[in-house]
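This is the structure I want to talk about, given as structure tokens.
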Amino acid sequence: MTDRNMRKYWTIFRVVLENNLMYRGHAFVWMLFDLLWIGVFPFIWFFIINAQGGEIQGWNNSAIIVYYVFMAVLSNIVLMHPEAHMAYEIYEGKFSNYVIKPHSYLLYVFLHESAYKMVRFLAFIPFAVPLIWAIQHFGGSGAVLPQLPFIILATLLAMPIFFLVAAIIGMTCFWLEDSYAARTIFWASSGLFGGQYAPFELMPPILNTVASALPFKYAIYFPLRLISQQVPRAEMLRGLGIQLVWIAALFVLSSIIWKKGLKRYSAVGR
Amino acid sequence: MRRYFRILKVLVRVSFIRDIVFRGAFYIDLFHAVLWLGLFFLVIEVFFSHTESIVGWTKGNLIVLLGIWSLLDDLASGTFWEGVKRIPTLVADGNMDFILTRPVDSQFLIAAERFRFSRVIPLIADIALISYGLSIGSIGSLWTILLGFPIVIIAGYLTVLSVFYLLHTLGFWFLRIDNIWALYEGIENIGKYPLDVFGRHIKLVSLTVVPLTVMFTLPAEALVGFLSGAEVINALLVSALFLWLTRKFYQYSVRRYSSVA
């Protein structure tokens, strides 16, 4: 990327960041939402796990609290949701402004979401303290520290997987007048097949089988599993490999959908 | 009062006509409600594949709680949700002026502006779910169901309305928080599980400050036989208090409001 291009994208990022810092209430609310909706699950699983003698399928209280705390971290920092914004811009015709500009729309959306995530991360920091206390109180995750390089890599690879799936969902608005149904299916599927309600070992095997054929498991569950439990090296490498395959496949799919969608796109009065 | 009833009839009729005209949105909304209900039901099945009860709530009891939660969510979505949700946007765009200058109580007008008839079918599904939960779990006495349940479900609905309205009235004070409904949903999502899992202190908070117990748990307790007389009185007091708080905060916010138009 040339110096001029880099300056261009840096300006986009900076302007969006400044805008989100100015109106930070929006980011603060979504940060709280991601904390609250998973807030009850650790407590329910504590009760169930204690009733079963302290462990179910390798999951004990310590692993469960780490799982859900880092799910909150993942939701607030890594997992991007450009689908609603994209769908709105395509539906309203505001998308025309981006088509005629000399920058990549998807990269613009990615920078937009990254800037937003940065503001959400800043809002999340005060809540990190009690969450770290909770992890230490329940036994911590010191056993998985040797896996740290893999955890970081898996988390970094999770970002483009989830972003590309969400962007593809946003692009369905090229064909659907209202993509709300598609987005609802996406949100429900990512929650269920991403392991947001429970680790897959605690769910019926059929769900794990279906989830293995979808990208959500490798965008959400896989990094969380690495951070919650000791995982054999072969499984870690296999998971990272599958993440790379999904990134490549989703990149190709999003490019195809983008080209086809652009041919269909029309906006009145813009 | 009769005047407000006539206005309400007109608004209901307009909403019905809009739902008939935009049938696509009707079916999408219906699909949305049914999909999430099915998902949450599946989550309960996952919990109970490992245990017989959670803090004294059996699977049947929890299904009743989910049904009540969904019933109140659908009632809220079908009545005041769409109208009240617009408050932050109305304030930010300056269109609140058009509401405030009308010769009708603006708080009523905002809440009654848009009804969603797409929520009627999910309501039937909720009642079916509650019936199923009662059939496989415990069921309260006839007196608790006939006397206690109507009181606590109305108190629950009014508390839902109050909490939702209170949060959205913050739109007068903070700009660009048109997603404040997400904060309500985050809090609301906790209410479909038994709050006893949090322990005594959080339970106390959920009876008062963030009245999730009043909103969702007490109506479910009335049906499954856990409700006490003290909890009925608590429900009445909390719902009355929150209604009063909502009204006062809204009026105070309007007095301090200066248009951006």
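The values are calculated or read from the model by the stated rules, or taken from the named source; none is laboratory data. Because the structure is predicted, anything quoted here is derived from the model rather than measured. Reconstructed Cβ throughout: ideal geometry from the backbone, glycine too, with neighbour counts over all protein chains shown.
Of the conditions (1) at pLDDT below 90; (2) within 14 Å of another protein chain (Cβ to nearest Cβ); (3) over 25 Å from the mean Cα position of the chain (by Cα), A:F47 fails just one. Which one is it?
Condition (1) is where A:F47 drops out.
So which of A:V15, A:V66 is surrounded by 18 or more Cβ atoms within 10 Å (Cβ to Cβ) and touching a helix residue (DSSP H, G or I) at 6+ places or on another chain (Cβ under 9 Å)?
On the way: A:V15 fails: surrounded by 18 or more Cβ atoms within 10 Å (Cβ to Cβ).
Only one candidate qualifies: A:V66.
With the requirement that a residue be crowded, with 16+ Cβ neighbours inside 10 Å and hydroxyl-bearing (S, T, Y), what does the stretch B:57-105 give you?
Residues satisfying the conditions are B:T58, B:S70, B:S77, B:T79.
To continue, here is another question. Quickly run through the stretch A:105-139 and pick out the residues that are in a helix (DSSP H, G or I) and among the aromatic types (F, W, Y).
First pass over the stretch A:105-139, keeping only residues in a helix (DSSP H, G or I): A:105-137.
Scanning the stretch A:105-139 gives A:Y105, A:Y108, A:F110, A:Y116, A:F121, A:F124, A:F127, A:W133.
Kindly list, by first and then second residue, each pair from a residue in the stretch B:188-213 that is within 13 Å of chain A (Cβ to nearest Cβ) and in contact (Cβ under 8 Å) with a residue 60 or more places away in the chain to a residue that is among the aliphatic types (A, V, I, L, M) and surrounded by fewer than 19 Cβ atoms within 10 Å (Cβ to Cβ), limited to pairs with Cβ atoms under 7 Å and residues at least 6 apart or on different chains.
Note: pairs meeting the criteria are B:P194/B:V55; B:D196/B:V55; B:V197/B:V55.
Would you be able to tell me the number of residues in the stretch B:154-171 that are more than 15 Å from B:F80 (Cβ to Cβ) and surrounded by fewer than 21 Cβ atoms within 10 Å (Cβ to Cβ)?
Of the residues in the stretch B:154-171, 1 are more than 15 Å from B:F80 (Cβ to Cβ) and surrounded by fewer than 21 Cβ atoms within 10 Å (Cβ to Cβ).
Counting residues that are under 27 Å from A:A154 (Cβ atoms) and touching a residue at least 60 places away in the same chain (Cβ under 8 Å), which helices (runs of 4 or more DSSP H) fully inside the stretch A:28-104 reach at least 2? It would help to see each step written out before you state the result.
Details: elements: A:41-51, A:61-77, A:83-92, A:96-99.
Ranges flagged: A:41-51, A:61-77, A:83-92.
Now for a different question. Considering every residue within the stretch B:162-180, establish whether at least one is touching a residue at least 24 places away in the same chain (Cβ under 8 Å) and in contact with a strand residue (DSSP E or B) (Cβ under 7 Å, 6 or more places away or on another chain).
No, because not a single residue in the stretch B:162-180 is touching a residue at least 24 places away in the same chain (Cβ under 8 Å) and in contact with a strand residue (DSSP E or B) (Cβ under 7 Å, 6 or more places away or on another chain).
Listed residues B:L204, B:L166, B:L175; which is over 18 Å from the mean Cα position of the chain (by Cα), under 28 Å from B:Q251 (Cβ atoms) and of a type in the set (A, V, I, L, M)? It would help to see each step written out before you state the result.
Values: B:L204 fails: under 28 Å from B:Q251 (Cβ atoms); B:L166 fails: over 18 Å from the mean Cα position of the chain (by Cα).
Testing whether each residue is over 18 Å from the mean Cα position of the chain (by Cα), under 28 Å from B:Q251 (Cβ atoms) and of a type in the set (A, V, I, L, M) leaves just B:L175.
Of all residues in the stretch B:1-57, count the ones that are over 30 Å from B:S138 (Cβ atoms), among the aromatic types (F, W, Y) and at pLDDT 90 or above.
If we filter the stretch B:1-57 for residues that are over 30 Å from B:S138 (Cβ atoms), which is where we start, we get B:1-32.
Add one more test, that the residue is among the aromatic types (F, W, Y), and what stays is B:4-5, B:16, B:22, B:26-27, B:31.
Pick out the ones that are also at pLDDT 90 or above and you get B:4-5, B:16.
Here the count works out to 3.
Okay, next question. Could you tell me how many of the residues in the stretch B:21-51 are more than 10 Å from chain A (Cβ to nearest Cβ) and not in a helix (DSSP H, G or I)?
Total meeting the criteria: 0.
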